[in-house]
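J.: Okay, here's the structure, questions in a sec.
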Amino acid sequence: MKHTRIAALAALGVAASLSLTACGGDDSGKDSSSKGSSSSSSSSEGGSKPDSGSGSGGSQAGDAKAGSGEDTKAEAAANGAAQTGGKVTFCKTEDLAIDATDAAPDEASGRINITMVNRGSATCSATGFAGVDIKDVDNTSNPIERGQAQPRITTLKAGDAAVFNLAYDIDSSGESLAHPTNIEVTPPNETHSVTLDWPAAAGDIKGAYTDVQVYPTHTTK
């Protein structure tokens, strides 16, 4: 009977040992599978990065942006060159021969024509309004207001002339309070001026110097 119990216990020990071995095999299988799955996932992610386009595709996008920027700069430069190439510089006072003459069309309308001749060697622009001050015998200087007129393109080649005029009403009463002696002229877009004599034949100014107006330049052709 004792022998039988010993044999039974031995059999139980063998069964328990086999059971533990089986459990250990299952765990190791799961770990191996999990590691394999993790390794496979990592491999898959590692392969997806180059294929995602975030590297090479992003670089191409950057190149495209850089290229478009260069194109914009080139276009702007070309436009700037075209604009600069089609534009002439303004006439300098030192390159202009300027004089004033009486050009009254009748006894009631006073007009002084001021002519500017380009005596330089290069084409220049005299477009716009000249600055004009009339000096009186009492040594005052009176700025002349602009008339209601739009400037006209006035481009002068060497030897060409531009004209602008001063307009006012003539006072035939002999009681005019304005006694002009000189006209100070600053060509359009210039800062240097010249002083001309008031034309001796010009009629007297009716009213004040504020009633005289200057009109924009135009060519004589």
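No lab work stands behind these numbers, since they all come straight from the coordinates. Fair warning: this is a prediction, and the values are worked out from it, not measured in the lab. Positions of Cβ are backbone-derived with ideal geometry, glycine not excepted, and every protein chain shown enters the neighbour counts.
J.: Please label the shape of segment 93-219 as rounded, prolate or oblate, based on the square roots a ≥ b ≥ c of the eigenvalues of the alpha-carbon gyration tensor (a/c under 1.5 means rounded; beyond that, a/b larger than b/c means prolate, else oblate).
T.: prolate
J.: Tally Lys/Arg at +1 and Asp/Glu at -1 over every other residue whose Cβ is under 13 Å from the Cβ of Thr195; what's the total?
T.: -3
J.: Using θ = phi - 60° and the Karplus curve 6.51 cos²θ - 1.76 cosθ + 1.60, what whole-Hz ³J(HN,Hα) does each residue of segment 210-215 get, with Gly and Pro shown as x?
T.: Result, ordered by residue: 5, 8, 8, 10, 9, 10 Hz.
J.: In terms of modelled amide H atoms, which long-range or inter-chain residues lie less than 5 Å from the amide H of Gly131?
T.: Thr186
J.: Output wanted: per-residue J couplings in Hz (rounded whole) for segment 139-155, from phi through Karplus 6.51 cos²θ - 1.76 cosθ + 1.60, θ = phi - 60°, x for Gly and Pro.
T.: Rounded to whole hertz, the list is 6, 7, 10, 10, x, 9, 7, 7, x, 7, 7, 8, x, 10, 4, 10, 9.
J.: Can you grab the distance from the C-alpha centre of segment 142-161 to the C-alpha centre of segment 99-127, Å, no decimals?
T.: A separation of 9 Å, based on Cα centres.
J.: Now for a different question. Work through the residues other than Asn118 whose Cβ is under 11 Å from its Cβ and net out their charges, Lys, Arg +1 and Asp, Glu -1.
T.: After counting each charged neighbour, the total is +1.
J.: Okay, moving on. Scan segment 88-187 for GluC sites (Glu not before Pro) in coil per DSSP, keeping those whose Cβ has at most 14 other Cβ atoms within 10 Å, and list them by number.
T.: Glu107, Glu175
J.: Run the numbers on segment 93-219 and let me know its relative contact order in percent, using alpha-carbon pairs under 8 Å that are six or more apart.
T.: It rounds to 35 percent for segment 93-219.
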